[in-house]
Structures are given as C-alpha cells and as structure tokens.
Amino acid sequence: MKFPRKTFAAILPAAAVSLALSSLPAAAHFGMVIPSKPTVMDAADSRVDLDIRFWHPFENAGMNLEKPASFKIYSGGQAADATGDLKEAKPSGFTAWTCSWKAARPGLAAFVLEPKPYWEPAEDKFIVHYTKAYVDAFGDDEGWNEPLGLKTEIVPRIRPGALYAGNAFAGKVLLDGKPVAGGEVEVEWYPGPDKKGDAPYESMVTQTLLTDENGNFAFSPPVPGWWGFAALSDADYKLQQEGADKDVELGAVLWVYFHEFRPAAAAQ
Amino acid sequence: MPRAPERPSALPRPRAAAALSMLAACALAAACASRAEAHGVYVFAYASGDEICTESYFTRKDRVIGGKISMSDASGNELASASTGEDGNHCFKAPQGEGDLTFIVLAGEGHRGEFTFPAADRPRPAAASPDDSASAPGSSGDASGSADTSGNASGSPDTSGNAPGSQDSAGAAATAVTASGSAASAGAAGTASGGAAPAGLSADAARSIVREELKAQIGPLARALAEAREDKTPGLREIVGGLGWLAGISGLVLWLKRRPELSAGRKD
C-alpha cells in the first residue's frame, strides 16, 4: 500500500510531534532513582548525586515528573526529608529532579521517591510509583533486608550491594507490609544517559514475572548496569479525574546495580 | 537490628571461636583460610574535634576487638598505633601536617583493612569544635582523648559499658524508627533514641554524634541546593504539548479528508 507523497508529507510531521509528546504506552512507566554510584568506599569521593525521574528506562524515553510528594533519605536508622533539597533538572527536555548526598558514616542509605499521582489517560488510571534505591558506604550495608515501611516496597532477599551481571536478584513484594502473592513485577534495564536498549521486538522492552505465594520473586539480568523492578498492585482507593473515580496503580520500584564480573587477576 | 543469619561473619564471637576450633580439625588448611576470608574487614575514620576516630569492623555488629590500628602519613610513615577496643574503635589525636592519612587495621589471619582519610577533612589540632564536646559527653572521642596514642586498650574505657545487649536495643529502636518511616521522621527518631537511652547510654551518645556530624556536613549543602533551586516553569511544556496535539489532530483531519482522493488514485 502506497500513500501519495503529498498526503504522507502532511501527516508525518504532525504525527511525529504528537507521538513524541504523548506517552508511549508500549514501554512501561518506571519511577527512577539512580545514584551516581552504588557503593561509597572512598572518603574523598563520598558524594552521591541522585537522578530522579519518571521514565521509560529501556528506551530512554522521557516523561515529566512534577515536583514529588516527598523524597526521603533513610540512613543511620532515621528518615530525613530531602524534598526541599530537590533541584529541578531537564534531561532531554523533560522535568526531572536531582539531589546530592554525602556519605559521612559507614552504613546503608535508602533513597525513596514518592511521586504525586500521575494521570495516564492511555491507561485510564493514576500511577503512583514508590521508588527506592540503596547505596552502601564504607563496607556496611546492614539492614538491606529490612522493610522501610513504605506503602508498597520490594525488600531485597539477596544483598543488593554485591551483585554481578548474571546473578539472580531476589526480592519480596510488600503492600501495606503484607506479601503480595501472584503480583506482577515489570523489569527494565536502564542503559544510561543518552543510550537506549535494542530489543529484538518491542514486546521485549519490558520483561514481566509473577511473585509466588509468599510474594517472592527472582530475576537474573544478562548485562551490567542499573535494573529496575516495578511490582504493580491496584490501590484499595480511587482518585478523581474530571469528576469520575479512577483506578490507581501502585508501584513498588527498586533499582539495583549489577556489576560486570571481571576476569581473574594474578594473585599476589 | 537482628543479625543476618546467612552471613558467617555475623556469628557472635564465642560461637565464632567455637566454630574456628571445630574447623581446626579440618585437614585442609587452605579451606580454613578461605573460611576466614569469607568476609572483609573495614576501617573507617572521621574527624571528631581535634581527634581522628576510627572504627574497625567485619560487619557493623561484628567489630574488630584488639586488632592493631595504625595511622600513617602520605609518605607511609607510621605516626601512631594502638589496639582497637571492645567496640573496635580508637581515637587518635590529630597529627600536625598536611596530606592524606592512611589508617590500617590488622585483625589477624591476614585480615587487613585500609582507609584513606582525605587531607581536606583533617581537623586543625587547635580548632576543636565546641559542638562535639558539648553533644557527646560519653563518647569514645572524649573518653579516649587523654589515653590516645599511648598505644593501648585504655583508649576505650567508655565503650566497655557498650555491651552487645545495649547496642542491640539501640539498634532495635533505630529499626522501629525506620519502620515508621513514612511518618514524620525527625521527631519520631528523637523519641525512639530517647527511649533506648537507659539501656545503652553510650550508643545513644554515639548516635547523637552521628546526627550532629550528618547535620554539619549535609546542612550547608542542603542550604546551597535550596538557594540554587530554580523557579518552576510549569506552563512551557504544556503549551508545546498542546500545540503538538493540535498539529496531530489537524494532520489526522487532513488525512481523512484526502482519503477519497487516495483510494480514487489507487484505482487508476
């Protein structure tokens, strides 16, 4: 089937513009909290910059993240509200946020984004992704398998600070502190700034798995980098959109870093 | 916080000793050695007033007791050494001079941890911050100040009160705070730490030092971030997005209008 060239020329720019500016329902939405480094071991390089987005990670396609409801830093047994420290950023022209943190003591830090509900017309529902990432400092990551008490969250069952590409990562999905049986977990790779993944088919951009009866799941990424796990549940409440009650999708998102496994070096 | 049962290094000391003596029967010395090296040893150092305090640990719960801790200058000259106390800690008087300092802990069986203390963080011997002495009456920093660098266990008189039990209860309090994380954090943390005080005064004091230090280090950064924060420009993207939709819809209309021509053209 051939379009006359004129017609095609008339459609193309308009279609391209509207496509670029609407969200892409084919790729999964992910809250993103990406630390500039997964581990701090050097006191002279102990600053961690956090890249906070609402994004399609694998395809590196942007969405706007309006100013989050909260951004918290859990460390040393305390949660500090860093919402006021968020700085607006414009990666690829989309609204995103950054925050800086300095590891001052040994210990595990958890960074948690709670966004405002995002209305997704294409799915006729709101999306709220509680998004978490960990950074361990100076050899201490105790507490990595303890829940923070979020509305919904993935609690690691494999130490997240020591993973190689090809290792399984395992976690437990909690909603209101209780395991989610048979829950859906979407998985995507974030190739990094200015890069996108190359999936054989569009249907392979997002991988999906289900939790078992105890809310547990495991997944082995094939390549190093940041991998996002989004455990999705339906909220037990509705939100109003133009006077109508709409469903709310709750996401427990966890970003985990997988290191390249290096070849053996000569022993001393 | 409960010990992580799956980590061999988390064995309480007496049981670890028992396990080691059992393993002594093991015919393969190499296997024994690899058991011993199944966890790292770490040393962390931080400035506290006119001292530099060190913490040596296998995990944060499993400290290096009676290990040799040494402080060297940038050219590798050992400036002072001491034994780590019951809690794995030792404070050195800050030496004169410039450059990075290296702290090395030797914990037996080939366990060696090293930490580079950046030159920029070195305290000036004269400029003891009044904050530290005021907020931490029972801290290891204060108590060991007089005993420091003389080389031995007297460096930790205060820490003998810091029995595992009291540490645990402080840890439990911290966990409780973490679990209630979504509630307002700072207030909750204060209350919980207060509750733990009778059981573990020195752990509590240590926590207050940590808090003070974190505040001191993060405070200016947070202020700078807040000052540098840009004003939000909410209108722009929505306007461009709206234009995109308009263009898209008019493109669609154009196409629909030309469809009869198109099919007519195809018949020819």
Short to long, in 5 Å steps from zero, the percent of alpha-carbon pairs of the stretch A:59-143 per bin is 3, 13, 20, 21, 17, 12, 9, 4, 1, 0
Quick one: how many Å² of B:Arg60 are accessible to a 1.4 Å probe, rounded to 10? 40
Taking Cα pairs under 8 Å and at least six residues apart, what relative contact order does the stretch A:132-226 come out at, in percent? 29
Could you state the angle between the C-alpha long axis of helix A:5-21 and the longest principal axis of the C-alpha atoms of chain A, as a value from 0 to 90 degrees rounded to the nearest 10? 30
What accessible area, in Å² to the nearest ten, does a 1.4 Å probe give for A:Asp194? 150
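On average, how many beta carbons from a partner chain sit within 10 Å of the beta carbon of a residue in B:206-212?
Numbers: counts 0, 3, 0, 1, 7, 3, 0.
Counting other chains' Cβ atoms within 10 Å and averaging over B:206-212 gives 2.
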Treating the stretch A:28-68 as a set of equal point scatterers at the Cα positions, no solvent, please give the Debye-formula log₁₀ I(q)/I(0) at q = 0.17, 0.20 Å⁻¹. -0.55, -0.67
Sorting B:Ser202, B:Ser250, A:Ser46 by accessible area (1.4 Å probe), largest first, what list results? B:Ser250, B:Ser202, A:Ser46
Explain nothing, just the number: relative contact order of chain A, from Cα pairs under 8 Å at least 6 residues apart, as a whole percent. 19
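Counting only GluC sites (Glu not before Pro) that are in a DSSP loop and have at most 15 other C-beta atoms within 10 Å, tell me the longest site-free stretch of chain A.
Values: sites that count: A:Glu66, A:Glu213, A:Glu242, A:Glu260.
With a cap of 15 other Cβ atoms within 10 Å, the longest stretch comes to A:67-212.
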With only alpha-carbon pairs counted, each pair once and no self-pairs, how large is the Kirkwood hydrodynamic radius of the stretch A:27-258 in angstroms? 17.8
Whenever you get a sec, line up B:Asp62, B:Asp100 from highest to lowest accessible area (probe 1.4 Å, protein heavy atoms). B:Asp100, B:Asp62
Sorted by accessible surface (1.4 Å probe, heavy atoms of the protein chains only), largest first, B:Leu256, A:Leu65, A:Leu108 come out as B:Leu256, A:Leu108, A:Leu65
Links exceeding 21 Å between C-alpha atoms in this model, out of A:Lys172/A:Lys238; A:Lys151/A:Lys178; A:Lys116/A:Lys246; A:Lys67/A:Lys87, come to A:Lys172/A:Lys238
What does the charge add up to near B:Leu79, with Lys and Arg as +1, Asp and Glu as -1, over the other residues with Cβ less than 11 Å from its Cβ? -1
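The values are calculated or read from the model by the stated rules, or taken from the named source; none is laboratory data. All of these numbers come straight from a predicted model, not from anything done at the bench. Heads up, the Cβs are rebuilt from the backbone with ideal geometry, glycines too, and the neighbour counts pull from every protein chain shown. Side chains included, ligands, DNA and RNA excluded: accessible areas come from the protein's heavy atoms. Shrake-Rupley method; radii C 1.70, N 1.55, O 1.52, S 1.80 Å.
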